[in-house]
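Heads up: the structure comes next, in structure tokens.
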Amino acid sequence: MWDSQAPLAPRSVLDLPDDPCIININTLKIQPFKLPPLGPHDVKIRVKAVGICGSDVHFLKTLRCADFIVKEPMVIGHECAGLIEEVGSEVKKLVPGDHVALEPGISCWQCNLCKEGRYNLCLEMKFFATPPVHGSLANQLQALSEIHLSTYRWFILQTYALNCQTMSAGRKGLCVNP
């Protein structure tokens with residue numbers, strides 16, 4: 001049986017006393033999650049908008065997309081925007097209340113490519129909503145502050161999540177408020 005208390009992904013974990021997880025073809029179920037204690041370089045984000053793209057729908061309809069197969073309950077949602085709720089003791093550039101948008105890619109931050117600022121080429125890259133990493137259709141998530149959070153105080157959160165999905169996937173997206 002899947003343990004919702006087990007670590008989900010390196011430094012990127014969802015919370016939710018009520019997060020919708022894919023548990024079978026065309027079946028979502030509310031599953032409980034608990035965030036770990038905030039690390040010194042982590043931020044806790046209250047998710048306000050999520051872009052649902054074709055791969056999310058594909059996972060829901062077939063439990064797979066390319067070589068990635070859903071083998072245990074998984075939260076969908078790649079692109080998201082929200083508000084910073086809490087920051088770790090070493091986080092200097094973000095403060096509670098900041099509006100942020102997250103890139104769906106989670107790089108290692110250890111390899112030379114990441115250290116040179118070319119994190120998008122990281123060979124260890126993982127993505128929200130790509131097994132075994134949970135997505136962002138959640139009430140809250142916790143992430144390493146270096147996950148490329150962009151501050152958009154003037155930007156409407158729903159518009160950012162939808163535009164981010166549309167630009168990254170090249171097709172129309174669906175915006176969902178968790």
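The values are calculated or read from the model by the stated rules, or taken from the named source; none is laboratory data. This structure is a prediction, so every number in the text was calculated from the model and none was measured. As a convention, Cβ positions derive from the backbone with ideal geometry for all residues, glycine included, and neighbour counts pool all protein chains shown.
So the values come out like this:
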item: Single residue of the stretch 102-118 satisfying the filter (among the small types (Gly, Ala, Ser) and in contact with a His (Cβ under 9 Å, 6 or more places away or on another chain)) that is farthest from His134 (Cα to Cα); result: Ser107
item: Answer residue from the stretch 9-32, given it is part of a strand (DSSP E or B) and in contact with a Ser or Thr (Cβ under 8 Å, 6 or more places away or on another chain) and is modelled with the highest pLDDT among those; result: Gln31
item: Where Glu103 falls short, out of the listed (1) touching a residue at least 40 places away in the same chain (Cβ under 8 Å); (2) touching a Ser or Thr at 6+ places or on another chain (Cβ under 7 Å); (3) not polar (S, T, N, Q); result: (2)
item: Cβ pairs under 8 Å, 6+ apart, first in the stretch 52-65 and crowded, with 18+ Cβ neighbours inside 10 Å, second hydroxyl-bearing (Ser, Thr, Tyr) and part of a strand (DSSP E or B); result: Ser55/Thr130; Cys65/Thr130
item: Any hit, the stretch 75-96, residues being in contact (Cβ under 8 Å) with a residue 60 or more places away in the chain, surrounded by 15 or more Cβ atoms within 10 Å (Cβ to Cβ), more than 15 Å from Leu144 (Cα to Cα) and touching a His at 6+ places or on another chain (Cβ under 6 Å); result: yes
item: Within the stretch 57-94, tally of residues that are in contact with a helix residue (DSSP H, G or I) (Cβ under 9 Å, 6 or more places away or on another chain) and not aliphatic (A, V, I, L, M); result: 8
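Every residue, every condition in (1) among the hydroxyl-bearing types (Ser, Thr, Tyr); (2) at pLDDT below 90, yes or no:
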site	(1), (2)
Ala66	no, no
Ile84	no, no
Glu90	no, no
Val95	no, no
Trp109	no, yes
Tyr119	yes, yes
Pro131	no, no
Thr159	yes, yes
Ser168	yes, yes
